[in-house]
Ligand SMILES: Cc1cc2nc3c(=O)[nH]c(=O)nc-3n(C[C@H](O)[C@H](O)[C@H](O)COP(=O)(O)OP(=O)(O)OC[C@H]3O[C@@H](n4cnc5c(N)ncnc54)[C@H](O)[C@@H]3O)c2cc1C
C-alpha cells in the first residue's frame, strides 16, 4: 500500500494552497462580516479551473477525479470554510446532472457549470423535512409537456446566486421515497423565486436561502433521472457531498491547529511559551492525530469512488469524523488562545462557528451514525 499522492496531485494541492493563501484566506473575516457570497473569489476560482476538477474533459472538466476534488475542498477550507462550501454545494448539484442527466441535459448544462461560469444549487431540504428526506411535501403534477412544481425548499446553499437548481419534489405522494423525482430548474423560470436569506452562525461567506415554487412550470425534458428516482439521485449526490464535507472538516481543523500552534509558540506564561506546557502539547497532539485520521478516511472514500466501488458507509464515516475533529480542534484552539480566542481579533472563534455546520448539513451526525451502524451490522450478520 502506497500512501503517497501522485506528483500531479501534490502539484495540484500546491496550486490550490497558493491560491487560497493569496486570494481566499485574507478575505475570510471580511466575508464573515459581510454575510454575502464573494463573487470576485468565485470568478477567480472559475478562471483557475477549480469548478471542473472532478468532471471529464469531454464536458470541459479537468478529469482529475474525486481525490483531487477533496484536496481542492480541503485546501480551500483551510482558508475559508465558506468558499469551500460554495464549491461543495455547486458540485452537489452538478454531479447528479453528470451522473443521471440525458446527453441533451449534459450538453446543455454541464459546460457552464463545469467551467464555473454559472453556479448551481441542490435543493432537497424543506421547512418540514431535513433528516427525514422522504417526508418532503413539495409536489410536481404533470401538465402536458410540463410539470407544475409547488412547495418551499429551506436552507439551500447558493440559493439566489445559482443559475441552475436541482430540486427534489414528490411526483407521487403515495409512494414515500419512491415517489420523489428531481428536476433541473433554471433561475427565471415563471413561478420560481428566492425566499428568505438566512442570517447564519457561521459559513457566512456562503449564501443560504429558501426557494419558493409557486405553480412553477418546468418542461418535462428537465426531469433529472427517471420518474420516482429522485431519492436515489439525492443519495448518490450526497455520498460525494459527504466526502467533500469530511474534507472541509480536515481543512477547517488544520487552520485552527496552525493558528493555535503559532500562538502557543509565541505566548509567554510561567516563564516560557505555552508550547512548553504538557497540557497544551496534549491538545495539539489530539488535533494532529484527529486531522491525520480524518484525512485518511476522506481520501479513502474518494479513492473508493474513483475506483468505482460502493462507498456510502465510508463517505458517512469521513463526514462524521471530519466534522467532529473540526469541532473538537476548533474548541481546543480557542482554549489555547485563552481570552483572546473568545474575541473576534483572532480567527479561531470564526472557525468554530464555521465547523458547527459540518455536523448538521448533508446529514446530521446522528443520522449518519445510523447509516454506518446499519451497514456495519449488515456485514456482521
Ligand atoms: C448552512 C446550511 C446549508 C445547507 N445547505 C443545504 C443545501 O444546499 N441543500 C439542501 O437540500 N439542504 C441544505 N441544508 C439542510 C441540511 O441538510 C439539514 O439542515 C440537515 O439535513 C438536517 O435537517 P433539519 O435541519 O431539518 O433537522 P431535523 O431533521 O429536524 O433534525 C434535527 C436534529 O435532530 C436529530 N435527529 C434527526 N433525525 C434523527 C434520527 N433519525 N436519529 C437521531 N437523531 C436525529 C439530529 O441531531 C438533527 O440535527 C443546509 C443546512 C444548513 C444549516
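Quick check on the range 289-296. Is at least one of its residues within 23 Å of residue 86 (Cα to Cα) and within 16 Å of the ligand (Cβ to nearest atom)? Working first, answer last.
Going through the range 289-296, the residues within 23 Å of residue 86 (Cα to Cα) turn out to be 291, 294-295.
Then drop every residue that is not within 16 Å of the ligand (Cβ to nearest atom), which leaves none.
No: zero hits.
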Considering only helices (runs of 4 or more DSSP H) wholly within the range 276-381, the ones with at least 3 residues that are farther than 30 Å from residue 207 by Cβ and free of Cβ contacts under 8 Å to residues at least 60 places away in the same chain are 278-306, 365-380
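Please enumerate the residues belonging to the range 100-115 that are out of contact with any strand residue (DSSP E or B) (no Cβ under 8 Å at 6 or more places or on another chain), in a helix (DSSP H, G or I) and under 15 Å from residue 183 (Cβ atoms).
First pass over the range 100-115, keeping only residues out of contact with any strand residue (DSSP E or B) (no Cβ under 8 Å at 6 or more places or on another chain): 102-104, 106-108, 110-111, 114-115.
From what is left, the residues that are in a helix (DSSP H, G or I) are 103-104, 106-108, 110-111, 114.
Scanning the range 100-115 gives 104, 108.
Every number here is computed from the coordinates shown, using simple stated rules; none is lab data. All figures in this text were calculated on a predicted structure; none of them were measured in a lab. Cβ sites come from the backbone with ideal geometry, for glycine too, and all protein chains shown count toward neighbours.
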